[in-house]
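The structure appears below as structure tokens.
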Amino acid sequence: MAEGMNRRDFMKLAAVASVGMGGRLSSAAVARGDARPAKLPFPEGKMFEGMSGAWAAMYTPFVRDARLDAPVNYDIIPKMVEYFIAKGLAGLYLTGSTGEGFLLSHEERARIYKTVVGAAKGRLKLIAHIGCFSTADAVKLAKAAADAGVDWVSSVAPVYFGQSFKAAYDHYKIVSEATDLPFLVYSVGAKIVPSDAFEIMKLKNVHGMKYTGRDYYDFGVMCRKLEAMGKSAVYFAGADEQVLNGYVTGRFSGCIGTTDNMIPALFVKISELAARNDFAAAAKEQEKVCRFIELLSTGGNSSLWKSAMRYIGLDCGYCRRPKGVPYTEAEYDALCAKFAELDDAVIRKDDALLVG
């Protein structure tokens, strides 16, 4: 929010920005102050069907065991899927950063794809993150994901190696063309360079981006370049604390994030309110999300973040080292006490157990 601008003025600006960039309300409706139901920006075409709304970057569940090799808990995945569906999520992003993909074996990731596909039974859209250190391994995993029956595949840019644009472009070209599935670029961490991102987005099978960034200006520059050449693409906001900021630009069709796992109903509500251009109401829900994230962020241990799943009745164990370390029961009890101080509209103990 700009210095000297009050909240009311900011929300008016947000509404105008959304209309100007996304075209949700007519000028007459704006003059009347209407907030008529509408959809989030949505490209035309069969591949884009269902690619909108709130999604969880699904946690990979492990048996809660302090051993280094604690196994994936495949048995709980169907229960997770049913909970996400009951709460109104539109899709799942599998084995990404939240899902600890780089800490899983090829066999574990492939089995997760098959397990989720089998549990979802077509009721959720599914994107498999197939990023690996090796381009060849990413190609194998992309094919395994396609064989499992996911809808899209996705990947971060090369990790550790291949940090030049030439290497990144080569990597993305090969992995995006490994299957016939549409490909979603996962932009996270590094500042987006519009000209470089534009070249990658032009690739044949690339049709969207999960943007976990906060620079909406450079993101917009890239989008305008694509729009000028007539290429359609779908965009998901990936920074949970700034989902509404992304929706205000009028370019994002949905959101994919970590805390969508634990508080999915809030992200569903933000998405629905943004689709109706009710940004004042959406801001109140976004504030609840930010309070929740602030509470989680005080721990400094990703396994404690993950323990919020245990609180809602879906124990996903600890994170694999080095992403997180096992928490103590005292640490968990202290976090639960903080959760209990929040309104049930934010997070409810054993919420998943209420799903029939």
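One residue stands out among those in region 141-151 that are outside any helix (DSSP H, G or I) and not aliphatic (A, V, I, L, M): the one that is farthest from the chain's Cα centre (by Cα), which is 149.
Could we say that residue 13 is at pLDDT below 95 and either in a loop (DSSP other than H, G, I, E, B) or not hydroxyl-bearing (Ser, Thr, Tyr) (or both) here? Yes: the conditions hold for residue 13.
Residue count for region 237-273 satisfying the condition of being of a type in the set (Val, Ile, Thr), within 20 Å of residue 316 (Cβ to Cβ) and part of a loop (DSSP other than H, G, I, E, B): 3.
For first residues located in region 66-88 and assigned to a helix (DSSP H, G or I) and of a type outside the set (Phe, Trp, Tyr), partners that are surrounded by fewer than 18 Cβ atoms within 10 Å (Cβ to Cβ) and at pLDDT below 95 and lie 6+ apart or on another chain with Cβ distances below 9 Å form the pairs 79/355; 82/355; 82/356; 85/355; 86/354; 86/355; 86/356.
Within region 177-205, the set of residues being outside any helix (DSSP H, G or I) and touching a Leu at 6+ places or on another chain (Cβ under 8 Å) comprises 177, 183, 202, 205.
Can you tell which of 190, 237, 138, 233 is of a type outside the set (Lys, Arg) and over 18 Å from the mean Cα position of the chain (by Cα)?
Testing whether each residue is of a type outside the set (Lys, Arg) and over 18 Å from the mean Cα position of the chain (by Cα) leaves just 138.
In region 222-234, the residues that are more than 19 Å from residue 247 (Cα to Cα) reach residues that are of a type outside the set (Lys, Arg) and assigned to a helix (DSSP H, G or I) with C-beta atoms within less than 6 angstrom, at least six apart or across chains, in these pairs: 225/198.
For (1) under 30 Å from residue 245 (Cβ atoms); (2) over 20 Å from the mean Cα position of the chain (by Cα); (3) modelled with pLDDT under 95, each residue gets a yes or a no:
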position: 296; (1), (2), (3): yes, no, yes
position: 303; (1), (2), (3): yes, no, no
position: 312; (1), (2), (3): yes, no, no
position: 320; (1), (2), (3): no, yes, no
position: 327; (1), (2), (3): no, yes, no
position: 340; (1), (2), (3): yes, yes, yes
position: 344; (1), (2), (3): yes, yes, yes
position: 351; (1), (2), (3): yes, yes, no
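Evaluate region 304-321: report whether one residue or more is out of contact with any Asp or Glu (no Cβ under 6 Å at 6 or more places or on another chain), outside any helix (DSSP H, G or I) and without any contact (Cβ under 8 Å) to a residue 60 or more places away in the chain. No; the residues of region 304-321 include none that is out of contact with any Asp or Glu (no Cβ under 6 Å at 6 or more places or on another chain), outside any helix (DSSP H, G or I) and without any contact (Cβ under 8 Å) to a residue 60 or more places away in the chain. Residues in region 267-291 that are free of Cβ contacts under 8 Å to residues at least 40 places away in the same chain and either surrounded by fewer than 18 Cβ atoms within 10 Å (Cβ to Cβ) or aliphatic (A, V, I, L, M) (or both): 273, 281, 282, 284, 287. For residue 232, the criteria (1) surrounded by fewer than 20 Cβ atoms within 10 Å (Cβ to Cβ); (2) outside any loop (DSSP other than H, G, I, E, B); (3) small (Gly, Ala, Ser) hold in every case but one, which is (2). Across region 305-356, which residue is surrounded by the most Cβ atoms within 10 Å (Cβ to Cβ) among those that are within 14 Å of residue 263 (Cα to Cα) and acidic (Asp, Glu)? Among residues in region 305-356 that are within 14 Å of residue 263 (Cα to Cα) and acidic (Asp, Glu), the one surrounded by the most Cβ atoms within 10 Å (Cβ to Cβ) is 351. So in region 100-120, with the set limited to residues that are among the basic types (Lys, Arg) and touching a strand residue (DSSP E or B) at 6+ places or on another chain (Cβ under 9 Å), which one is surrounded by the most Cβ atoms within 10 Å (Cβ to Cβ)? Across region 100-120, the extreme among qualifying residues is 109.
Collect the residues in region 336-353 that are of a type in the set (A, V, I, L, M) and either free of Cβ contacts under 8 Å to residues at least 40 places away in the same chain or in a loop (DSSP other than H, G, I, E, B) (or both), keeping them in residue-number order.
First, pick out the residues of region 336-353 that are of a type in the set (A, V, I, L, M): 337, 340, 342, 345-347, 352-353.
The answer is 337, 340, 342, 345, 346, 347.
When region 51-78 is filtered for residues that are crowded, with 16+ Cβ neighbours inside 10 Å, farther than 13 Å from residue 317 by Cα and not aromatic (Phe, Trp, Tyr), the ones remaining, listed by number, are 51, 52, 53, 54, 56, 57, 58. Checking each residue in region 149-186 for being surrounded by fewer than 16 Cβ atoms within 10 Å (Cβ to Cβ), of a type in the set (Gly, Ala, Ser) and in contact with a helix residue (DSSP H, G or I) (Cβ under 6 Å, 6 or more places away or on another chain) picks out only 149.
The values are calculated or read from the model by the stated rules, or taken from the named source; none is laboratory data. Treat the numbers as computed from the prediction; the structure is a model and nothing was measured. Quick reminder, even Gly has a Cβ in these numbers, built from the backbone with ideal geometry, and neighbours come from all protein chains shown.
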